[in-house]
Amino acid sequence: MRRHGALIAKEAAVFGFNCTLAPVLDLALPASATVMGTRAVAPDPAGVIAYARAFLAGLASQGVVGCGKHFPGLGGGNLIRI
């Protein structure tokens, strides 16, 4: 996960970017699987959070910042009542 972020950061930096619109923070739910494919990394919030933390650390290790993204109408989410 961290390695993935570092790799993406190195590729972005080659083109002069210090920011990337990643990682995807949508849940990998069955309803959105055909559209999201491998962009959504986990079906549960804890898995998405773990991936995002490691990915962002990888970006930061190369001097690149990330911006978590959501695909409205494509990605899935679960309602959490507090």
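Working note: Cα gyration tensor of the chain, eigenvalues times five, square-rooted, sorted largest first, giving semi-axes of 25, 13, 10 Å. Taking Lys and Arg as +1 and Asp and Glu as -1, the other residues whose beta-carbon sits under 14 Å from that of Leu29 total -1.
In the context of the full protein assembly, Met1 retains an accessible surface of approximately 120 Å², using a probe radius of 1.4 Å and ignoring ligands and nucleic acids.
Summing +1 for each Lys or Arg and -1 for each Asp or Glu among the other residues whose beta-carbon sits under 13 angstrom from that of Lys69 gives 0. Note on the chain: with charges restricted to the Cβ of Lys and Arg (+1) and Asp and Glu (-1), its dipole about the Cα centre is near 140 debye. A 1.4 Å probe run over the chain, with the rest of the protein chains in place, finds 66 Å² accessible per residue.
The values are calculated or read from the model by the stated rules, or taken from the named source; none is laboratory data. The model shown is predicted, which means the values in this text are computed figures rather than measured ones. When we count neighbours, we look across all protein chains shown, and the Cβ atoms used for this are built from the backbone with ideal geometry, even at glycine. To get the accessible areas, we keep the full protein, side chains included, count just its heavy atoms, and leave off ligands, DNA and RNA. Shrake-Rupley method; radii C 1.70, N 1.55, O 1.52, S 1.80 Å.
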